[in-house]
Each structure stands twice: as structure tokens, then as C-alpha cells.
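Have a look at the structure below before the remarks.
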Amino acid sequence: MTIKKYTKEDFKLLKLAGKITSNSLIYIEKIIKPGISTSFIDEEINNFLKKNNAYSASLFYRGYPKSVCTSINHVVCHGIPSEKILNEGDIVNVDVTAVLNGYHGDASKTFCVGDVSIKAKKLVQTTYESMMEGINILKPGIKLGDVGFAIQSHAEAKGFSVVRDFCGHGVGKSFHEEPNILHYGKKGDGIEIIEGMVFTVEPMINEGSYETKVLKDGWTAVTKDKSLSAQFEHTVGITGNGFEIFTL
């Protein structure tokens with residue numbers, strides 16, 4: 001396993017790419033409402049990235065046909081934008097990876113469409129908290145298993161489950177790098193985190209069972225029991241004494 005170490009100069013460029021990614025999610029939040037299509041979200045973000053001299057890493061990646069992923073309700077991840085209309089009460093995750101000057105910023109956020117159920121609100125809130133539980137302990141010397149343990153403990157304490165089939169990943173000059181970042185695990189397991197590592201923390205949390213399946217399109221992953229799923233994601237860099245979030 002070859003894990004890239006990034007410098008302080010790299011961190012500055014990663015932060016610029018991350019800023020465009022996070023700004024695209026801030027921009028799209030004002031647009032998301034009942035009655036719009038996920039294709040419209042895709043077009044708006046693609047245009048936003050272009051205006052900011054960036055481009056989408058997702059478009060044509062391994063044949064993926066769109067610029068973002070839009071995952072609605074029981075879709076866990078990699079939902080393909082289409083003419084499907086968002087309805088009042090839906091939740092939708094929008095996942096964006098901007099490339100600027102050869103550096104990647106990868107983030108996602110789950111949005112509530114109009115007025116959603118208390119159950120959906122709790123799932124979305126818990127998913128965000130679970131991501132932050134994993135991020136807030138980051139520093140050189142801890143193990144990747146500690147991160148997974150922190151996320152899993154929080155999600156399960158709230159009555160939800162953590163998806164096992166997908167994980168976070170190293171990111172920087174390439175879209176996907178080593179290592180894989182599991183969102184479940186045991187304290188003390190896995191490789192040691194060191195200064196200069198850059199990766200995503202992106203837990204997918206389900207209302208019901210953690211089991212998933214991929215649909216015939218080869219991309220869209222859904223919960224096997226059709227329960228709701230939510231996700232949040234940040235790109236982080238490990239500093240000498242902690243971490244920096246590039247996609248705030």
C-alpha cells in the first residue's frame with residue numbers, strides 16, 4: 001500500500017479545490033426544493049464548477065455519465081441524476097468532487113426537501129454528527145480503526161446502522177488513493193494516521209439494516225430493506241497536531 005504524503009503547499013491547493021466543492025453545495029442548497037429534477041441539480045453544479053475554473057471528477061469516471069451523484073431516500077450512494085422529480089418530504093444526498101489545478105475536493109451533504117418526517121430529520125442529523133465524531137479525533141498516531149469506531153458507536157447509539165459496503169478513501173492529486181477509510185471498526189485496528197495524509201470521511205448511515213445492493217445500472221446502491229439512508233462527507237488533511245477540513 002502506497003500512501004501519499006502531501007506538503008503544506010499541497011494543502012493550500014487542496015483547500016482551494018475543497019472551497020469550490022463546498023461552495024457548490026452552499027449554492028445548490030438555495031435551489032433544492034420540491035418539483036425540481038436531479039438532472040437540474042447536476043446541470044447547476046456543473047455550470048457552477050465551470051464558472052469557477054474547475055471541473056467535475058465524476059463525469060466519465062469509469063463511465064459514470066453525470067457530474068454529481070444524487071441519492072434520494074433509500075439510495076445509499078452513487079444515484080445517477082435523471083428527470084426524477086424531488087417531492088416534499090424527500091431527503092437527497094448531493095456528492096460533488098471538484099478538480100482545480102490538478103487537486104481534488106470531495107464532499108457531500110444530505111438535504112431535506114421541504115418538510116421532512118421527524119425520523120428523516122433524526123437520521124440526517126445523526127449522520128452529520130457521526131461524520132464529525134470521526135473527524136474530531138483525527139491526529140497523527142491514532143489508528144484508522146479508531147475513526148471507524150467513533151462513527152459506528154455514535155450511529156448505533158442513536159438506533160441506526162453503518163453501511164459496510166462503501167468507504168472513504170485517500171484523495172488529492174487523484175480522485176481515489178490509498179488508504180480505504182472504513183466507517184466502522186475497533187479501536188487500535190488498522191494503519192496509523194500520519195502527518196500529510198489526505199482522505200475523505202463519508203459515512204453512509206441507514207435507518208434500518210446496513211445491507212445494500214447495487215441496481216442494474218451498475219452504480220446506484222440502495223438499502224436492501226428500502227429504509228432511508230443519509231450521507232455526509234468532508235475531505236480532511238492531517239497536520240502535525242490534528243487535522244484540517246478542506247471542504248468546510
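Worth pointing out:
- The listed residue being over 30 Å from residue 114 (Cα atoms) and either in contact with a Leu (Cβ under 9 Å, 6 or more places away or on another chain) or among the aliphatic types (A, V, I, L, M) (or both), out of 55, 61, 6: 6
- Screening 31, 45 for residues that are of a type in the set (Val, Ile, Thr), surrounded by 23 or more Cβ atoms within 10 Å (Cβ to Cβ) and either in contact with a helix residue (DSSP H, G or I) (Cβ under 9 Å, 6 or more places away or on another chain) or part of a helix (DSSP H, G or I) (or both) leaves exactly one candidate, 45.
- Odd one out for residue 212, checked against (1) in contact with a Gly (Cβ under 6 Å, 6 or more places away or on another chain); (2) in contact (Cβ under 8 Å) with a residue 40 or more places away in the chain; (3) among the β-branched types (Val, Ile, Thr): (1)
- Residue within the stretch 43-57 that is β-branched (Val, Ile, Thr), touching a Gly at 6+ places or on another chain (Cβ under 8 Å) and in contact (Cβ under 8 Å) with a residue 24 or more places away in the chain present: no
- Test: residue in the stretch 113-134 that is farther than 18 Å from residue 234 by Cβ, modelled with pLDDT of 95 or more and among the acidic types (Asp, Glu): yes
- For the stretch 199-245, taking the residues that are of a type in the set (Phe, Trp, Tyr) and under 13 Å from the mean Cα position of the chain (by Cα), the one that is farthest from residue 132 (Cα to Cα) is identified as 199.
- Of all residues in the stretch 5-28, those satisfying the criterion of being surrounded by fewer than 16 Cβ atoms within 10 Å (Cβ to Cβ) and part of a loop (DSSP other than H, G, I, E, B) are 5, 7.
- Counting only residues that are among the aromatic types (Phe, Trp, Tyr), buried (at least 21 other Cβ atoms within 10 Å of the Cβ) and touching a His at 6+ places or on another chain (Cβ under 7 Å), the stretch 208-248 holds 0 of them.
- Residues in the stretch 79-120 that are hydroxyl-bearing (Ser, Thr, Tyr) and over 14 Å from residue 36 (Cα atoms): 97, 103, 108, 110, 117.
- Among strands (runs of 3 or more DSSP E) entirely within the stretch 125-205, having at least 1 residues that are in contact (Cβ under 8 Å) with a residue 24 or more places away in the chain and surrounded by fewer than 21 Cβ atoms within 10 Å (Cβ to Cβ) singles out 168-170, 177-181.
- Restricting attention to the stretch 61-89, the residues that are of a type in the set (Val, Ile, Thr) and out of contact with any strand residue (DSSP E or B) (no Cβ under 7 Å at 6 or more places or on another chain) total 1.
- Test: residue 217 is among the acidic types (Asp, Glu), closer than 27 Å to residue 61 by Cα and in a loop (DSSP other than H, G, I, E, B): yes
The values are calculated or read from the model by the stated rules, or taken from the named source; none is laboratory data. Keep in mind it's a predicted model, so treat the numbers as computed, not measured. Quick reminder, even Gly has a Cβ in these numbers, built from the backbone with ideal geometry, and neighbours come from all protein chains shown.
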